[in-house]
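What follows is one structure encoded as structure tokens, with my remarks underneath.
The values are calculated or read from the model by the stated rules, or taken from the named source; none is laboratory data. What you see is a predicted model, and the numbers here were worked out from it, not measured in a lab. When we count neighbours, we look across all protein chains shown, and the Cβ atoms used for this are built from the backbone with ideal geometry, even at glycine.
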Amino acid sequence: MSTFELIAQDIEEYCEEHSTPESGLLYRLNRQTHLETLNPRMASGQLQGLFLSFVSRMMRPKYILEIGTFTGYSAICLSEGLIPDGELHTIEINVEYEDRIRSYFAQAERRDQLHLHIGDAHTLLTTLNHCWDLVFIDADKEDYTDYYEAIVPKVKKGGFLLADNTLWNGKVTHEVSHNDKDTLAINDFNKHVQEDPRVRNLLLPFRDGIMMIEKL
């Protein structure tokens, strides 16, 4: 492990110690995810979960869209800012996660406002026609730009999109191999957003990078 990684880990641990802890539900979800899934780091975790919750609470959205549910941690965090008649719709392609997701959604405070869709996002996005206030993209990296283009027209003016993993373990800052499709896709996505006159954007060096995008 490099000195930079050790420092970053120390900083993250310090931040966790000085941030509001997870709820009991989120703690159990996170622990089970780490014990029983192959890629537990895909779960948002305490700091990113709090960030998503803060954004949602500040916005007080009516309609939230998430692409890439995994085990449901981020969806529950995002739902915390929904207005009373609001809805969160989240899409997960892996049917093996469905029972786990639904079991935790059933325990969430806003359980009746959480709507899980199992299937391919490209298809499902054509059936979800709300005017989105807040969108979180955290799915297949090669499809980020396609998801973005499908969603932006459906985001209200002043609404926000958040895209996760936009630093991709720092690989975006190095020369990229032609067969590193994920890194190439993230670089293409970041460039696409940067050049899009429809939005204003901020790439945050937080966790694995979060691109914040405001629809103008």
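Structure data summary
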item	result
Candidates GLY45, GLY49, GLY24, filtered to the one that is surrounded by 11 or more Cβ atoms within 10 Å (Cβ to Cβ) and modelled with pLDDT of 95 or more	GLY49
Residue within segment 155-164 that is without any contact (Cβ under 8 Å) to a residue 40 or more places away in the chain and either within 20 Å of SER74 (Cβ to Cβ) or in contact with a Leu (Cβ under 9 Å, 6 or more places away or on another chain) (or both) present	no
Residues located in segment 13-44, provided they are charged (D, E, K, R) and part of a loop (DSSP other than H, G, I, E, B)	GLU22
Where GLU36 falls short, out of the listed (1) touching a helix residue (DSSP H, G or I) at 6+ places or on another chain (Cβ under 9 Å); (2) charged (D, E, K, R); (3) at pLDDT 95 or above	(3)
Checking LEU134 against (1) under 24 Å from PRO40 (Cβ atoms); (2) within 15 Å of the chain's Cα centre (by Cα), the condition it does not meet	(1)
Matching residues in segment 186-216 - criterion: being out of contact with any Ser or Thr (no Cβ under 7 Å at 6 or more places or on another chain), among the hydrophobic types (A, V, I, L, M, F, W, C) and within 18 Å of GLU142 (Cα to Cα)	VAL193
Pick from segment 57-68, criterion crowded, with 24+ Cβ neighbours inside 10 Å and not acidic (Asp, Glu), ranking: farthest from the chain's Cα centre (by Cα)	PRO61
Top-ranked residue in segment 158-216 [being assigned to a helix (DSSP H, G or I) and among the small types (Gly, Ala, Ser); ranked as modelled with the lowest pLDDT]	GLY170
Filtered residue count, segment 45-69, keeping only those that are under 22 Å from GLU98 (Cβ atoms), among the aliphatic types (A, V, I, L, M) and part of a helix (DSSP H, G or I)	1
Members of segment 49-85 that are among the hydroxyl-bearing types (Ser, Thr, Tyr) and in contact (Cβ under 8 Å) with a residue 40 or more places away in the chain	SER56, TYR63, THR69, THR71, TYR73, SER74
Only listed residue being surrounded by 24 or more Cβ atoms within 10 Å (Cβ to Cβ), in contact (Cβ under 8 Å) with a residue 40 or more places away in the chain and touching a strand residue (DSSP E or B) at 6+ places or on another chain (Cβ under 9 Å), chosen from LEU134, LEU128, LEU88	LEU134
Cross-chain or 6+ apart pairs with Cβ under 6 Å, segment 109-124 first and closer than 11 Å to ASN94 by Cα, then in a helix (DSSP H, G or I)	HIS117/LEU124; ILE118/VAL95; ILE118/GLU98
Options ALA43, ALA75; residue that is touching a helix residue (DSSP H, G or I) at 6+ places or on another chain (Cβ under 6 Å) and not charged (D, E, K, R)	ALA43
Residue ID - modelled with the lowest pLDDT, chosen from residues in segment 128-143 that are within 16 Å of VAL155 (Cβ to Cβ) and part of a loop (DSSP other than H, G, I, E, B)	ASN129
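Matching residues to (1) under 16 Å from the mean Cα position of the chain (by Cα); (2) closer than 23 Å to ILE151 by Cα; (3) at pLDDT 95 or above:
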| site | (1), (2), (3) |
| --- | --- |
| ALA75 | yes, yes, yes |
| ILE83 | no, yes, yes |
| GLY86 | no, yes, yes |
| ARG102 | no, no, yes |
| ALA108 | no, no, yes |
